[in-house]
Structures are given as C-alpha cells and as structure tokens.
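Remarks on the structure that follows.
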Amino acid sequence: MSELRRIDVAHELGSTPVLVGEQALEVAQLELGPWWRDRTVFLVVSREVGRLHGEAVRQPIEAAAARVVTLKVPDGEGAKTVVEADRLWQEMAYAGGKRDSRLVTLGGGSVGD
C-alpha cells in the first residue's frame, strides 16, 4: 500500500496541490466538495481513463454539484492543439458554462496539458 503524499507545485499565481497515492481520490473529493457545491462541473477525461475511472470521480461530484458534464479528449500529443481547445470551450459554453463553473481534469498528458 502506498503512502499518501501531497506535493505543492509552485507557479506564478501561487501553488497547486497534487495528491499521489492510493487514497488520493478520496482525500481530494473531501477537500474539493465545497469548491464544486451547487456549480456546473466539467469533468475532462481521456477516453481510456474515463472508461477506467470516470464513474469513481463523477459520482461524488454529482452528489454536490448542480450538474456534471463529461468532456472526452483524445490521447497523445496530437490532441494538444488550438482546435481541440476551441472544441472544449465551445462544448462548455453550449452546456451552460459560466465564470463560476468548475473544471476537473482526470489523467495526465493531453488532459492535463
């Protein structure tokens, strides 16, 4: 069993916590519950990560959020384009995304970048 680790990634606007370990998902859900409460949440996942873990993440968000919209992105470097970003922005706008909506990404690579 791996120990839960919190890594703070520094950037020009402050820092972003990253949780690593077997209990990372449960801890993140507890900490983020108030952040997505009564908001529209966009869950961005790659197809494979979404298939494997999407429901595990989506269910707790749905318990608190006003609405959850899952957006799937392709894997790989080819997905890191302005065209793909524009598609996501348009889907979020069409689905009612606003300034107070939340964006949750699940996975690395093209999803995180």
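Just a few scattered comments:
- Every residue from region 50-91 that is open to solvent by less than 40 Å² (accessible area, probe 1.4 Å) and among the aliphatic types (A, V, I, L, M): Val57, Ile61, Ala64, Ala65, Val68, Val69, Leu71, Val73, Ala79, Ala85, Leu88
- Cross-chain or 6+ apart pairs with Cβ under 6 Å, region 78-101 first and at positive phi and of a type in the set (S, T, N, Q), then open to solvent by less than 70 Å² (accessible area, probe 1.4 Å) and assigned to a helix (DSSP H, G or I): none
- Pair list, Cβ < 7 Å and 6+ apart or interchain, from region 1-18 residues that are closer than 18 Å to Glu31 by Cα to residues that are of a type in the set (A, V, I, L, M) and exposed (fewer than 10 other Cβ atoms within 10 Å of the Cβ): Ser15/Val9; Thr16/Val9; Val18/Val9
Residue by residue, here is whether (1) on the phi < 0 side of the Ramachandran plot; (2) surrounded by 14 or more Cβ atoms within 10 Å (Cβ to Cβ) holds:
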position: Ile7; (1), (2): yes, no
position: Leu13; (1), (2): yes, no
position: Val20; (1), (2): yes, no
position: Ala28; (1), (2): yes, yes
position: Asp38; (1), (2): no, no
position: Phe42; (1), (2): yes, yes
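The values are calculated or read from the model by the stated rules, or taken from the named source; none is laboratory data. None of the values given here were measured: they were computed from a predicted structure. Ideal geometry is used to build each Cβ from the backbone, glycine not excepted, and the neighbour counts take in all protein chains shown. Heavy atoms of the whole protein, side chains included, go into the accessibility calculation; ligands, DNA and RNA do not. Shrake-Rupley method; radii C 1.70, N 1.55, O 1.52, S 1.80 Å.
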